[in-house]
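Participant: Quick one: the structure is below, questions incoming.
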Protein chains: 2
Amino acid sequence: MAHRIADATVTVRDAEGAPLADAPVVVAQTAHRFLFGCIGFDLIDLANREGGAAQDDQRPAEELLAEERLADQWLGLFNAVTLPFYWGHFEPERGRPDTARMLRAARWFADRGCVVKGHPLAWHSECADWLLDLPTDEVADVLDARIRRDVADFAGVIDTWDAINEVVIMPVFDKVPNAMTPLCRERGRIPTVRLAFDAARQANPAATLLLNDFDMSTAFECLIEGCLEAGIQIDAIGLQSHMHQGAWGEERTLEVLDRFGRYGLPLHLTETTILSGDLMPAHLDDLNDHQVDHWPSTPEGEERQAQEVASHYRTLLSHPSVESATYWGLSDAGMWLGAPGGLVRADGTPKPAYDALHGLVKGEWWHEPRTLRTDAHGRVAVRGFLGEYSITAGHGSAALTLDRAGAVDAEVRLG
Amino acid sequence: MAHRIADATVTVRDAEGAPLADAPVVVAQTAHRFLFGCIGFDLIDLANREGGAAQDDQRPAEELLAEERLADQWLGLFNAVTLPFYWGHFEPERGRPDTARMLRAARWFADRGCVVKGHPLAWHSECADWLLDLPTDEVADVLDARIRRDVADFAGVIDTWDAINEVVIMPVFDKVPNAMTPLCRERGRIPTVRLAFDAARQANPAATLLLNDFDMSTAFECLIEGCLEAGIQIDAIGLQSHMHQGAWGEERTLEVLDRFGRYGLPLHLTETTILSGDLMPAHLDDLNDHQVDHWPSTPEGEERQAQEVASHYRTLLSHPSVESATYWGLSDAGMWLGAPGGLVRADGTPKPAYDALHGLVKGEWWHEPRTLRTDAHGRVAVRGFLGEYSITAGHGSAALTLDRAGAVDAEVRLG
């Protein structure tokens, strides 16, 4: 973990600039640099309500209360959110994108200190059906325009995007008719990746753009190497990690991180699911093929999940390439495939995994407010995970950013 | 099959150029354009003996006779040979390559009308151990030099090469220490492919260079697309097809051919094995992991193999992209992994699969010598598989090449 921890010697100065010698100061972490993310799909309605949307939410009061409780649990743990931009849902009717509603949701999260990511700008699944009538060249043009429009509309609020999703399988995907598969098959994977990255980059040069995939095999390596050789600037590699067939465990996780970390690019674990119930049979190649009526969270499953979640996050943070880990759904309610993969039960009570992860993110890896004493030169030693800190003395306070691991010198002036 | 068959109207002229009207001519196919290949590893000794090598073969007479019988069976069926250039065997001691012996073998096959291929110029397996002591940059230089040397030494006799083999797995291969894996991991797959192709291309600009792999998944697609985007000229895609775990069948074979055929490049099925005994368990990922003491060919297995071989070759020839199909070993004796994958038993007797394939290559798909009669304008209709033909009348004869399918006009002058 040494690569995540700063050993800072901070010189604290008063408002006039003089060292604040031999005085008590309260040092508290206010944010993690590491991105502990989660999807925020379930909080879009609440964010719109609280964000001042004129909509009238007619649902029963207990549902709204449950949503608020979920929001509290969400904000108590995470600092990064993934919001849905599946084309078929975001723009079900050509020319009428869901921009206003999604922008309110994105701002709600950003106002609460979250890094907001949009997922995904291009994908063969959940694609808009109205594209099916168009010739391939027009699909490319419309895709290009949609990416430019959405990336520009959200710039400054959403500056991180899954530019394109699951390209390894895209040209051979045959489960659902869609317009992206023929485009990618006809033009090739790399030109399709280039289309998405170029459009997004030009619309928001400051954006962090990911190439995201579930395929952890050599296929994704080959795709990444091809894109890099072709000069496409990938800002981070997105590794899905839906573990419906069993947690990877430390060895496999490190093997994956080493293989994909060797390109020198940041790794984002973009879609993590770890179950607290029965596992999906190992022989299924496509997780979507597992359809069950009822898939309960079980007490034994919840204990196993708690250990696996904690172990998985420890492994991720132990690897220097990993910058982000997004969990794929806080609550079992409404989870993908009906799987018990949430950290909170459908009834809103936290599972042991929630507490385990919270115990790391806001416990073991978190610098609680602590009163320290400066030395004769106004210096205080702050050791903690990279991120944002506040230093308070009397009526003055200052913000401190620790963004480099190891021994560092810093200085703050109380204001 | 229409894409393999010419419907030629051939005007036959006598030595003076006058149409040979209303006369009997014998039309016979002398060679297939399609490459029906096989490895020739077992015939290198015989080729050297017959090729005038000064070596003294001390083996018992019956062994030498068995070899001659195998050579007859081999030449009775195949018109393309793959010879071994595994670096560790070809140059076990640095600077002492097995050039003279292999050149005699290559010439022996070429003299008998075979297209000769070298396999492979770069591969992580069977690699030279003396490379293990060298730093990566030197490995690259030595690899470059070995490719240039061998491709130049054999140019004109061997003009087809597996430039590099199994690159999909190359950088993550961890079963046997070798010098290629670190090179490929450090530099990336595409630069490694480029190194091999550039060296071979420069040493023999007329060579047909293959990118060969056993991985039929999207990984190999991604690698190919990356190489093509990077501007590497791949002359043919090499698809291994060792079917130790069961024949692919028509559906899967066509699916593979369609996926890899979509790049518009010729497909060479480079390494085909179909068993006449027990199948290898399906759960094994690496065929090398299956080690058995005794793996017999069985009567039922031989019947199955005969049907599967015939069906497989029919499927291959039905696909317009396929230019070549190489069987991975004529005899069970000395076969890779000890598998009963030969078309001939270890005792030298042909299996039903040999007869089945022979019945296609030199039967159903072959134009036996046939007496036809020219019309009043000296024209005769020749319908047959693309390849070489002879036309004979009286004391005169002429060679005819049919290299375009469908209705074609041709002309020969008897000499």
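Participant: Mind checking which residues of segment A:167-196 are touching a His at 6+ places or on another chain (Cβ under 8 Å) and in contact (Cβ under 8 Å) with a residue 60 or more places away in the chain?
Facilitator: A:184
Participant: Count, please, the residues in segment B:358-415 that happen to be of a type outside the set (Lys, Arg) and assigned to a helix (DSSP H, G or I). Show your work before the answer.
Facilitator: Filtering segment B:358-415 down to residues of a type outside the set (Lys, Arg) leaves B:358-361, B:363-369, B:371-372, B:374-378, B:380-382, B:384-403, B:405-412, B:414-415.
Checking which are assigned to a helix (DSSP H, G or I) leaves us with B:358-361, B:363-364.
Looking only at that region, the number is 6.
Yes/no matrix, rows are residues, columns are (1) buried (at least 24 other Cβ atoms within 10 Å of the Cβ); (2) not in a loop (DSSP other than H, G, I, E, B):
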{"site": "B:122", "(1), (2)": "yes, no"}
{"site": "B:127", "(1), (2)": "no, no"}
{"site": "B:138", "(1), (2)": "no, yes"}
{"site": "B:151", "(1), (2)": "yes, yes"}
{"site": "B:162", "(1), (2)": "yes, yes"}
{"site": "B:195", "(1), (2)": "no, yes"}
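Participant: Pick from A:51, A:37, A:76: which is over 14 Å from residue A:328 (Cα atoms) and surrounded by 14 or more Cβ atoms within 10 Å (Cβ to Cβ)?
Facilitator: A:51
Participant: Now for a separate question. Quick test for you: out of A:359, A:341, pick the one residue that is surrounded by 18 or more Cβ atoms within 10 Å (Cβ to Cβ) and farther than 30 Å from residue A:23 by Cβ.
Facilitator: Exactly one of A:359, A:341 is surrounded by 18 or more Cβ atoms within 10 Å (Cβ to Cβ) and farther than 30 Å from residue A:23 by Cβ, namely A:341.
Participant: I would also like to ask the following. Out of all the residues in segment A:141-162, which are over 19 Å from residue A:237 (Cα atoms) and of a type outside the set (A, V, I, L, M, F, W, C)?
Facilitator: A:141, A:144, A:146, A:148, A:149, A:150, A:153, A:156
Participant: Listed residues A:219, A:207, A:199; which is under 19 Å from the mean Cα position of the chain (by Cα) and touching a residue at least 40 places away in the same chain (Cβ under 8 Å)?
Facilitator: Of the residues listed, the single one that is under 19 Å from the mean Cα position of the chain (by Cα) and touching a residue at least 40 places away in the same chain (Cβ under 8 Å) is A:207.
Participant: Which of the residues spanning segment A:164-183 are more than 10 Å from every other protein chain (Cβ to nearest Cβ), crowded, with 21+ Cβ neighbours inside 10 Å and in a helix (DSSP H, G or I)?
Facilitator: Of everything in segment A:164-183, those that are more than 10 Å from every other protein chain (Cβ to nearest Cβ), crowded, with 21+ Cβ neighbours inside 10 Å and in a helix (DSSP H, G or I) turn out to be A:180, A:183.
Participant: When you check residue A:353 against the structure, is it over 23 Å from residue A:80 (Cβ atoms), in the same structural domain as residue A:286 (by TED's automatic domain parsing) and outside any strand (DSSP E or B), yes or no?
Facilitator: Spelling it out, it is not the case that residue A:353 is over 23 Å from residue A:80 (Cβ atoms), in the same structural domain as residue A:286 (by TED's automatic domain parsing) and outside any strand (DSSP E or B).
Participant: Another question, then. Condition (residue is more than 10 Å from chain A (Cβ to nearest Cβ) and either under 24 Å from residue A:223 (Cα atoms) or over 23 Å from the mean Cα position of the chain (by Cα) (or both)) applied to segment B:153-160: is it met by at least one residue? So that I can check it myself, show each step before the final result.
Facilitator: Taking segment B:153-160 first, the residues more than 10 Å from chain A (Cβ to nearest Cβ) are B:153-160.
Cutting the leftovers down to either under 24 Å from residue A:223 (Cα atoms) or over 23 Å from the mean Cα position of the chain (by Cα) (or both) gives us none.
Among the residues of segment B:153-160, not one is more than 10 Å from chain A (Cβ to nearest Cβ) and either under 24 Å from residue A:223 (Cα atoms) or over 23 Å from the mean Cα position of the chain (by Cα) (or both), which makes the answer no.
Participant: I would also like to ask the following. Considering segment B:210-242 alone, what residues qualify as being part of a loop (DSSP other than H, G, I, E, B) and within 14 Å of chain A (Cβ to nearest Cβ)? Reasoning before the result, please.
Facilitator: Within segment B:210-242, the first condition is being part of a loop (DSSP other than H, G, I, E, B), and the residues that meet it are B:214-217, B:230-235.
B:214, B:215, B:216, B:217, B:230, B:231, B:232, B:234 - these are the residues of segment B:210-242 that are part of a loop (DSSP other than H, G, I, E, B) and within 14 Å of chain A (Cβ to nearest Cβ).
Participant: What residue, of A:134, A:46, is closer than 29 Å to residue A:358 by Cβ and in the same structural domain as residue A:328 (by TED's automatic domain parsing)?
Facilitator: A:46
Participant: Condition first: of a type in the set (A, V, I, L, M) and under 15 Å from residue A:408 (Cβ atoms). Now tell me which residues in segment A:13-44 satisfy that. I'd like the intermediate steps shown before the answer.
Facilitator: Going residue by residue through segment A:13-44, those that are of a type in the set (A, V, I, L, M) are A:15, A:18, A:20-21, A:23, A:25-28, A:31, A:35, A:39, A:43-44.
If the condition is that a residue be of a type in the set (A, V, I, L, M) and under 15 Å from residue A:408 (Cβ atoms), then A:27 is the only one that fits.
Participant: Also, quick follow-up: Hey, among B:326, B:273, B:315, B:298, which residue is in contact with a Cys (Cβ under 9 Å, 6 or more places away or on another chain) and either without any contact (Cβ under 8 Å) to a residue 40 or more places away in the chain or assigned by TED's automatic domain parsing to the domain that holds residue B:357 (or both)?
Facilitator: Just one listed residue meets the conditions, B:326.
Participant: Being in the same structural domain as residue B:38 (by TED's automatic domain parsing) and within 26 Å of residue B:329 (Cα to Cα): is that true of residue B:291 here?
Facilitator: When the stated conditions are applied, residue B:291 passes them.
Participant: Which one is farthest from residue B:82 (Cα to Cα) among residues in segment B:98-113 that are free of Cβ contacts under 8 Å to residues at least 40 places away in the same chain and not in a helix (DSSP H, G or I)?
Facilitator: The residue in question is B:98.
Participant: Now for a different question. Among all residue pairs at least 6 apart or on different chains, which show Cβ distances below 8 Å where the first residue, located in segment B:132-152, is closer than 13 Å to residue B:196 by Cβ and the second is among the polar types (S, T, N, Q)?
Facilitator: B:148/B:202; B:150/B:99; B:151/B:204
Participant: Also, I was wondering about something else. Just the residues that are farther than 22 Å from residue B:168 by Cβ, of a type in the set (A, V, I, L, M) and out of contact with any Gly (no Cβ under 9 Å at 6 or more places or on another chain), please, taken from segment A:165-224.
Facilitator: Within segment A:165-224, A:176, A:179, A:180, A:183, A:195, A:196, A:199, A:200, A:203, A:207, A:209 qualify.
Participant: What tally of residues in segment B:267-317 results from selecting those that are under 22 Å from residue B:348 (Cα atoms) and crowded, with 16+ Cβ neighbours inside 10 Å?
Facilitator: Count: 17.
Participant: Of the numbered conditions (1) in contact with a strand residue (DSSP E or B) (Cβ under 7 Å, 6 or more places away or on another chain); (2) away from chain B (no Cβ under 14 Å), residue A:245 fails exactly one; give the number of that condition.
Facilitator: Condition not satisfied by residue A:245: (1).
The values are calculated or read from the model by the stated rules, or taken from the named source; none is laboratory data. In this text, all values refer to a predicted model and were calculated from it rather than measured experimentally. For neighbour counting, all protein chains shown are included, and Cβ atoms are generated from backbone atoms with ideal geometry for every residue, glycine included.
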